[in-house]
Amino acid sequence: MGTTIADFVDRSLGIGYLGGSTLLLACLMGSLAVWRWSEGTVSVNTITTPKAETFYWVTILFSQTLGTALGDWVAGTNDLGYGGGAILFAGALVGILVLYASTQTSRVTLFWAAFILTRPLGATLGDLLDKPLANGGFAISRYLASAILAGLIVALIAVLPKRAGAHPSAHGQEA
């Protein structure tokens, strides 16, 4: 759905990738602002009511859509290509990891920044794998590209450390 909406905003409305990304960023920031104003927080650890869950899903929809539009814009109009776009977004995620490890920056802010940046990373990696060689991709079939990405996800789940814990809102805490 995010891809369809992003393509509609970018192409059908005729505002291009920059205009579409800007509009979607404004919608995303607006949904986060209204959620914070209404609930006092945008922490996913406090989603315990239908109202908070509605804010969450609206925010997810805007972040997915923005991610697609932003990934297309960066890869398609800035001479970075799909690989360069993926490296740019992966580097931004590393920057967020550095902030997490070395500063007291709000964990909620860092979560949403990382969450949002994973969307254009996924869009550019997906395009890199399945777009034709003439367009800067690897020309792998969508089925094989999906299998490669699924395998990568399963491998990361298997090797990354897991921590047991309770939901913070159950203890009156917020991440």
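Let's see how each residue does on (1) farther than 24 Å from Cys27 by Cβ; (2) of a type outside the set (D, E, K, R); (3) at pLDDT 95 or above:
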position: Trp73; (1), (2), (3): no, yes, no
position: Gly84; (1), (2), (3): yes, yes, no
position: Ser102; (1), (2), (3): yes, yes, yes
position: Ile116; (1), (2), (3): no, yes, no
position: Ala123; (1), (2), (3): no, yes, no
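This table checks each residue for (1) touching a residue at least 24 places away in the same chain (Cβ under 8 Å); (2) out of contact with any Pro (no Cβ under 6 Å at 6 or more places or on another chain); (3) in a helix (DSSP H, G or I); (4) over 18 Å from Arg119 (Cβ atoms).
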| residue | (1), (2), (3), (4) |
| --- | --- |
| Ile5 | yes, yes, yes, no |
| Phe8 | no, yes, yes, no |
| Gly14 | no, yes, no, yes |
| Leu23 | no, yes, yes, no |
| Cys27 | yes, yes, yes, no |
| Ser31 | yes, yes, yes, no |
| Val34 | no, yes, yes, yes |
| Thr48 | yes, yes, no, yes |
| Ala52 | no, yes, yes, yes |
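Restricting attention to region 129-142, does a residue exist that is under 14 Å from the mean Cα position of the chain (by Cα), in a helix (DSSP H, G or I) and surrounded by 16 or more Cβ atoms within 10 Å (Cβ to Cβ)?
No, every residue in region 129-142 fails to be under 14 Å from the mean Cα position of the chain (by Cα), in a helix (DSSP H, G or I) and surrounded by 16 or more Cβ atoms within 10 Å (Cβ to Cβ).
Take the conditions part of a helix (DSSP H, G or I) and over 26 Å from Gly19 (Cβ atoms) and apply them to Val74. Does it pass?
Details: part of a helix (DSSP H, G or I): yes; over 26 Å from Gly19 (Cβ atoms): no.
So Val74 fails the test.
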Sole residue being in contact with a helix residue (DSSP H, G or I) (Cβ under 8 Å, 6 or more places away or on another chain) and either within 21 Å of Thr4 (Cβ to Cβ) or not in a helix (DSSP H, G or I) (or both), chosen from Leu88, Leu61: Leu61
Scanning for something among the polar types (S, T, N, Q), under 23 Å from Ile5 (Cβ atoms) and in a helix (DSSP H, G or I), does region 103-110 turn up at least one residue? no
Do we have any residue at all in region 75-84 that's surrounded by 16 or more Cβ atoms within 10 Å (Cβ to Cβ) and closer than 17 Å to Ala113 by Cα? no
Residues of region 36-46 satisfying the condition of being free of Cβ contacts under 8 Å to residues at least 40 places away in the same chain and assigned to a helix (DSSP H, G or I): Arg36, Trp37, Ser38, Glu39
Filter region 1-21 down to residues that are farther than 15 Å from Leu61 by Cβ and of a type in the set (A, V, I, L, M, F, W, C) and give me whichever is surrounded by the fewest Cβ atoms within 10 Å (Cβ to Cβ). Leu13
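The values are calculated or read from the model by the stated rules, or taken from the named source; none is laboratory data. Source: prediction; values computed, not measured. Methodologically, a virtual Cβ is constructed for each residue, glycine included, from the backbone with ideal geometry; neighbour enumeration extends over all protein chains shown.
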